[in-house]
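The values are calculated or read from the model by the stated rules, or taken from the named source; none is laboratory data. Keep in mind the model is a prediction, meaning the values are calculated, not measured. A quick note on method: Cβ atoms are made from the backbone with ideal geometry, for glycine too, and the neighbour counts reach across all protein chains shown.
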């Protein structure tokens, strides 16, 4: 599986920014209700867990906890802010970290600017400080 990391780095280097530069007031709602993000959580819950709604709920909580812990490993000083983020925001930050780490390793950190020009993202304090910590780590 050694071929995956270079392949993903090439994809990341050529991929457009995941955040639009212009202000987009509904971006936080899109993070929360995006069908792709929701589907990711549905697939994270294994088929054996679909025996009852309480099992699905518990498995979803475990997946969210796992993603929170993974994000906290990357930006450990922001644990208190991470605790208050929604699952969509956590997925967004993990994606931002992975994409921008690969772009920075390829010598292309210029897309970081787009995250901070979007007023909708900057309006949420917890999300904004986590984005800032990721940007500091990546550069």
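State the number of residues belonging to the stretch 110-138 that are surrounded by fewer than 18 Cβ atoms within 10 Å (Cβ to Cβ) and outside any helix (DSSP H, G or I). Break it down stepwise before answering.
Going through the stretch 110-138, the residues surrounded by fewer than 18 Cβ atoms within 10 Å (Cβ to Cβ) turn out to be 110, 113-114, 116-117, 119, 122-123, 125-126, 128-129, 132, 136-137.
This time we only want the ones that are outside any helix (DSSP H, G or I), so: 117, 123.
Of the residues in that region, 2 qualify.
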### Task
Would you check if there is a residue in the stretch 131-139 being closer than 26 Å to residue 4 by Cβ, touching a residue at least 40 places away in the same chain (Cβ under 8 Å) and more than 13 Å from the chain's Cα centre (by Cα)?
yes
#### Entry: Near pairs, Cβ below 8 angstrom, 6+ apart or cross-chain, from the stretch 60-84 (touching a residue at least 12 places away in the same chain (Cβ under 8 Å)) to any residue that is surrounded by 16 or more Cβ atoms within 10 Å (Cβ to Cβ) and not in a helix (DSSP H, G or I)
60/45; 63/45; 68/85; 82/75
### Query
residue 107 fails exactly one of the following numbered conditions: (1) part of a loop (DSSP other than H, G, I, E, B); (2) touching a helix residue (DSSP H, G or I) at 6+ places or on another chain (Cβ under 8 Å). What is the number of that condition?
(2)
### Task
Scan 64, 36 and give me the residue that is at pLDDT 75 or above and in a helix (DSSP H, G or I).
64
